[in-house]
Amino acid sequence: MLGDLYLRHVCFKFKSIKMKSTFFAILTMTFILASSITFGQLPVKPLAPQDQLLKSDNQTLESNKKLVYDMWREFLEGGHLEVAEKYFDENYMQHNPNAATGRKAVVDFFSKFSKPQTIVDTIKTSVVAIIAERDLVMLSFVREIPDPADKSKKYTTTWFDMFRIENGKIAEHWDCAEKMN
């Protein structure tokens, strides 16, 4: 309220529209510059070691987290597509606009660029969090991207994948992917 009264008082002092416009242009630029400094991005970092992120007081939620976690390590990062039946429901539903629905479709999709590798104990990608609620499990990852303003620099952001578990298998998937050409 005091700020509003002050602005009215200052504006009243300016006799011309041009002076008022100049004052508001300077005021706007000041706010823009101050906000860009004040709201600088913090780097994205994991909340805890991966083994701690898998824990839950609820056994079902912990099992669901482990199912998704192991699928990520073995199937996605390890490239062992032969384990698809162990993790994915036959009628697996896909909401990524670049992949089709169905267990066979997810295998076909990843067969284009996956080669079997040694399976390691942790997810290779930096995991921010693993969250489970009801039949849903969400993984969030650190994602490093080139800065569009300066290609020699990178910044971090977060990627999300969410899965629905049904009868001990992954039945549905969502992520923030956009259509690729």
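The values are calculated or read from the model by the stated rules, or taken from the named source; none is laboratory data. Everything numeric in this text was worked out from a predicted model, so none of it was measured. Methodologically, a virtual Cβ is constructed for each residue, glycine included, from the backbone with ideal geometry; neighbour enumeration extends over all protein chains shown.
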Enumerated strands (runs of 3 or more DSSP E) restricted to region 86-181, each holding at least 3 residues that are under 21 Å from LEU47 (Cβ atoms) and touching a Phe, Trp or Tyr at 6+ places or on another chain (Cβ under 8 Å): 127-133, 136-147, 150-166
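Sort out which residues of region 105-139 are charged (D, E, K, R), under 21 Å from TYR92 (Cα atoms) and in contact (Cβ under 8 Å) with a residue 12 or more places away in the chain, and write them in order of number. Please lay out each step first, then the result.
First pass over region 105-139, keeping only residues charged (D, E, K, R): 108, 112, 115, 121, 124, 133-135.
Imposing the further condition that a residue be under 21 Å from TYR92 (Cα atoms) reduces the set to 108, 112, 133-135.
Of everything in region 105-139, those that are charged (D, E, K, R), under 21 Å from TYR92 (Cα atoms) and in contact (Cβ under 8 Å) with a residue 12 or more places away in the chain turn out to be GLU133, ASP135.
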Residue check for SER126: of a type in the set (Gly, Ala, Ser) and within 13 Å of the chain's Cα centre (by Cα): yes
Residue, farthest from ASN58 (Cα to Cα), within region 80-114, restricted to residues that are modelled with pLDDT of 95 or more and of a type in the set (D, E, K, R): ASP108
In region 145-181, residue nearest to the chain's Cα centre (by Cα) [restricted to those that are closer than 21 Å to LYS66 by Cβ and among the aliphatic types (A, V, I, L, M)]: MET162
Scan of region 95-104 for residues that are polar (S, T, N, Q) and either touching a residue at least 40 places away in the same chain (Cβ under 8 Å) or touching a Gly at 6+ places or on another chain (Cβ under 6 Å) (or both), ordered by number: ASN96, ASN98
